[in-house]
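Here, each number is a calculation from the coordinates, and none is a lab measurement. Here the structure is a predicted model, which is why all the values come from computation and not from measurement. Every residue, glycine among them, receives a Cβ derived from its backbone with ideal geometry; neighbour counts consider all protein chains shown.
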Amino acid sequence: MAVKIRLMRVGKKKQPTYRVVVTDARSPRDGRFIEILGQYEPRREPSLINIDADSALAWIEKGAQPTEQASKILGIAGVWDTYQAKHGKQAAVKPKPRASVAKKKDASA
C-alpha cells in the first residue's frame, strides 16, 4: 500500500481550511484517511500551520511520501530539518526545478 501525506480540504465554499493527513494514495482527496497530522489555514493572517511533528516524522521514516504542497508545509513546520538532521542525508522529496523556456527570436525583422 502506497502511503501519502497530503492535504484534505474542509471548510465552507470559498473559505478553504486544510487538514494534513496520512492516507492511502488510491483514496480520494477528501475521502478516507489513516491519521490526521495537523491543520493548515491559509486565510488567516499570518497563515496558521499546526503540525504534530513527532507523528509526521514517524510516518516519513516509515516511507510515507508527501505531496508537493504537503512537503512545503512540513518544511515550514521544521519536520524536514529534523528528518535531515536525524538521518544525515537530503530529504527524500525535493522541489523540482522549473525548466526554463527559451524564447525564439523572429526572423521576420
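Tally Lys and Arg at +1 and Asp and Glu at -1 over the other residues with C-beta under 15 Å from the C-beta of Arg6: what net charge comes out? It would help to have the intermediate numbers written out before the result.
Working: positive: Lys4, Arg9, Arg19, Arg26, Arg29, Arg32, Lys72; negative: Asp24, Asp30, Glu35, Glu68.
Net of charged neighbours comes to +3.
You can think of it this way: the chain between Ile36 and Lys13 has 6.1 nm of extra reach, that is 0.36 nm per residue less the Cα-Cα gap. Which pairs break 28 Å Cα to Cα here: Lys12/Lys86; Lys14/Lys62; Lys13/Lys72; Lys14/Lys72? Result: Lys12/Lys86; Lys14/Lys62 exceed 28 Å.
Just add up the charged neighbours of Gln39: K/R +1, D/E -1, any other residue whose Cβ is under 14 Å from the Cβ of Gln39. Intermediate values should be presented prior to the final figure.
Values: positive: Arg6, Arg9, Arg19, Arg43, Arg44; negative: Glu35, Glu41, Asp52.
For residues surrounding Gln39, the net value is +2.
Local charge sum around Asp52 (other residues, Cβ-Cβ under 12 Å, Lys/Arg +1, Asp/Glu -1)? Charge balance near Asp52 sits at -1. Hey, with R₀ at 22 Å, roughly what FRET efficiency would Lys86 and Val3 work out to, going by the Cβ-Cβ distance, to 0.05? Computed FRET efficiency for Lys86 and Val3 comes out at 0.70.
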